Amino acid sequence: MILRKLAGQTATYGMSTIIVKFINYLLTPYLTNILTESQYGVQSYYYSFIPFGLTLLTMGLETGYFRFVGKSETAEEKNRVFSTIFTTVSLTSLLFFIAVCLFTGPIYRFTADLGAGSISLIPIVGALIAIDAITAIPYAKLRAQERAKRFLATRVINVLVNVFFCVFFYSVLPLFKDSALLGWMWIEGYGAGYVFIANLIASITTLFMLLPQMESVKLHIDRKLLKALLLFSAPLLISGISGTANEFIDRQLLAILLPTDIKMSSVGIYSGVMKVAALMYLFIQMYRFAAEPFFLSNVKKEDFKLANAEAMKYFIIVSVMIFLGITLYMDIFQYFIGAPFRVGLRIVPILLLSNMFIGIYVNLSFWYKVTEKTHFALIITLAGLAVTIILNFALIPLLGYEGSAWARLGCESSMVLLSYFLNQKYYPIPYDLKTIFKYMGAGAVIYTISVVLPIEHTALRLLANTILFITFILFFIQQEKINLRSILKH
């Protein structure tokens, strides 16, 4: 019953995440055909800073909100938690934006050495980070209240606005660049800059849509409550920064370690190919949106271990299916990015595996949040960051962006191993490792068969891979003793 509720919430948030990401990912084939590899690299380079800023400004207080609201008994207590967190994050976001504006020159001089865009991008990115940090708290409130429809509506509108203005700036505006009405908006050679302007317009739209969630807020900080929140969230903040670095620092290191003539094009190709592997990350996000409030607010401690163990098993089964679904049908997925970017498709299986390990770590992270031993997050993510930096410095000069892909996999797998070891030592959960490894092994065998099959013709290769994929599905049905007749009947 517990897992059924989690599955239902995952499906609800999953639908919103799939719709949002699908619409947003439509920009990938569009932009990778509009922008050059270097221009796409510039936008990817700046976007890699945004998660750092969001993690810093939200300070781990999203998770703190779930935990403290879950312990609050009255509506007044819940409002006090929300008001304290919202006021704190809004104030720090405003100060952050002011600081970015004041230091625009020095920031640009650093990025200019990397050939990464216009000075006007600095305050735009700063505003993006500040607004998205502020809206993160009302979004957390919607998730805690399980208001999935409202959550979905605001996210879909955000992405639609973003896509609309991207298409407007790159496909419509150039047609009217000499007109008196719209010509003032056209900047010759602005490249990736219009991507950020479109995103900023969408973020401002979202802020206005979330105003109803802020009606009960009092711009007041309960110092005693904030101290408790920060004590809970501080390790999550530091681990969040480390975790974000694990996910995004590779683009900065590529820009630093590669020769000038190929650094931005390499960042662009690497970032474009990552979008192909993003379906796995999409599943992780939709699962996390449902699982975080579910495990931290709704599940009793006595039920947590069993529910988390079962969730882990089925998460991995679905992840293996996604891995096979993308790798076996790469002949189709390659068209998701522009032709110049497809030279990097060989690293997609590596990125898919690393994304799978991110999801496994998400599952493993709930035990120390439930037990409020969040200092373990700091230990794990700092260890992962060390692995990321060491492997990137070692492999990028040798392998280019492929080295970053291997470094990412090394980081995520090391974090999973360390988290599992700490879990079994301090709060052992009976994960069904035998079944987990059985499914992962079956997936590995099917993928290997697909790779070594000497089939050159695309249609025949897709047919063979479809048979292989169905084989895994049948294996799953047989192992889990699923009654297909009963399911079809109902």
If Leu229 passes every condition in (1) within 30 Å of Thr84 (Cα to Cα); (2) over 19 Å from the mean Cα position of the chain (by Cα); (3) open to solvent by 30 Å² or more (accessible area, probe 1.4 Å); (4) not aromatic (Phe, Trp, Tyr) but one, which one does it miss?
(3)
Tally up the residues in the range 310-329 that are open to solvent by 10 Å² or more (accessible area, probe 1.4 Å) and more than 22 Å from the chain's Cα centre (by Cα), please.
2
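So that you can scan it fast, the table gives a plain yes or no per residue for (1) more than 30 Å from Glu247 (Cα to Cα); (2) in contact (Cβ under 8 Å) with a residue 12 or more places away in the chain; (3) part of a helix (DSSP H, G or I); (4) open to solvent by less than 60 Å² (accessible area, probe 1.4 Å):
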{"residue": "Thr388", "(1), (2), (3), (4)": "no, yes, yes, yes"}
{"residue": "Trp406", "(1), (2), (3), (4)": "no, yes, yes, no"}
{"residue": "Phe421", "(1), (2), (3), (4)": "no, no, yes, no"}
{"residue": "Thr435", "(1), (2), (3), (4)": "no, yes, yes, yes"}
{"residue": "Leu468", "(1), (2), (3), (4)": "yes, yes, yes, yes"}
{"residue": "Ile482", "(1), (2), (3), (4)": "yes, no, no, yes"}
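Looking only at the range 63-79, decide whether some residue is touching a residue at least 24 places away in the same chain (Cβ under 8 Å), of a type outside the set (Gly, Ala, Ser) and surrounded by fewer than 18 Cβ atoms within 10 Å (Cβ to Cβ). Outline the logic, then answer.
Going residue by residue through the range 63-79, those that are touching a residue at least 24 places away in the same chain (Cβ under 8 Å) are 63-70, 79.
Still in the running and of a type outside the set (Gly, Ala, Ser): 63, 65-69, 79.
Applying the additional criterion that residues be surrounded by fewer than 18 Cβ atoms within 10 Å (Cβ to Cβ) yields 79.
Looking for residues that are touching a residue at least 24 places away in the same chain (Cβ under 8 Å), of a type outside the set (Gly, Ala, Ser) and surrounded by fewer than 18 Cβ atoms within 10 Å (Cβ to Cβ), one finds at least one in the range 63-79, hence yes.
Criterion first (touching a residue at least 24 places away in the same chain (Cβ under 8 Å), at positive phi, of a type outside the set (Ser, Thr, Tyr) and surrounded by 15 or more Cβ atoms within 10 Å (Cβ to Cβ)) does Gly400 satisfy it?
Details: touching a residue at least 24 places away in the same chain (Cβ under 8 Å): yes; at positive phi: yes; of a type outside the set (Ser, Thr, Tyr): yes; surrounded by 15 or more Cβ atoms within 10 Å (Cβ to Cβ): yes.
When the stated conditions are applied, Gly400 passes them.
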Can you find even one residue in the range 385-408 that is hydrophobic (A, V, I, L, M, F, W, C) and within 20 Å of Glu310 (Cα to Cα)?
no
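Would the range 331-351 turn up any residue that is more than 25 Å from Pro428 (Cα to Cα), part of a helix (DSSP H, G or I), of a type in the set (Gly, Ala, Ser) and open to solvent by 40 Å² or more (accessible area, probe 1.4 Å)? Give the steps one after another, and end with the answer.
Of the residues in the range 331-351, the ones more than 25 Å from Pro428 (Cα to Cα) are 331-351.
Within this subset, residues satisfying the condition of being part of a helix (DSSP H, G or I) are 331-336, 339-351.
Restricting the remaining residues to those that are of a type in the set (Gly, Ala, Ser) gives 339, 344.
Subset that is open to solvent by 40 Å² or more (accessible area, probe 1.4 Å): 339.
Scanning the range 331-351, I find at least one residue that is more than 25 Å from Pro428 (Cα to Cα), part of a helix (DSSP H, G or I), of a type in the set (Gly, Ala, Ser) and open to solvent by 40 Å² or more (accessible area, probe 1.4 Å), so the answer is yes.
Given Ile429, Ile358, Ile446, which one is in contact with an Asp or Glu (Cβ under 8 Å, 6 or more places away or on another chain), of a type outside the set (Lys, Arg) and either crowded, with 18+ Cβ neighbours inside 10 Å or free of Cβ contacts under 8 Å to residues at least 24 places away in the same chain (or both)?
Values: Ile429 fails: in contact with an Asp or Glu (Cβ under 8 Å, 6 or more places away or on another chain); Ile446 fails: in contact with an Asp or Glu (Cβ under 8 Å, 6 or more places away or on another chain).
Just a single option satisfies the conditions, and that option is Ile358.
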Screening Ala148, Ala153, Ala144 for residues that are on the phi < 0 side of the Ramachandran plot, surrounded by 13 or more Cβ atoms within 10 Å (Cβ to Cβ) and in contact with a Pro (Cβ under 8 Å, 6 or more places away or on another chain) leaves only Ala144
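For the range 172-200, give me each residue that is open to solvent by 50 Å² or more (accessible area, probe 1.4 Å) and closer than 18 Å to Pro123 by Cα. Lay out the reasoning, then the answer.
Looking only at the range 172-200, we keep the residues that are open to solvent by 50 Å² or more (accessible area, probe 1.4 Å), and these are 172, 175-178, 180-181, 184, 186-189.
Of everything in the range 172-200, just one residue is open to solvent by 50 Å² or more (accessible area, probe 1.4 Å) and closer than 18 Å to Pro123 by Cα, namely Ile187.
The values are calculated or read from the model by the stated rules, or taken from the named source; none is laboratory data. Keep in mind it's a predicted model, so treat the numbers as computed, not measured. Glycine gets a Cβ as well: all are built from the backbone with ideal geometry, and neighbour counts include every protein chain shown. All accessible areas refer to the heavy atoms of the entire protein, side chains included, with ligands and DNA or RNA removed. Shrake-Rupley method; radii C 1.70, N 1.55, O 1.52, S 1.80 Å.
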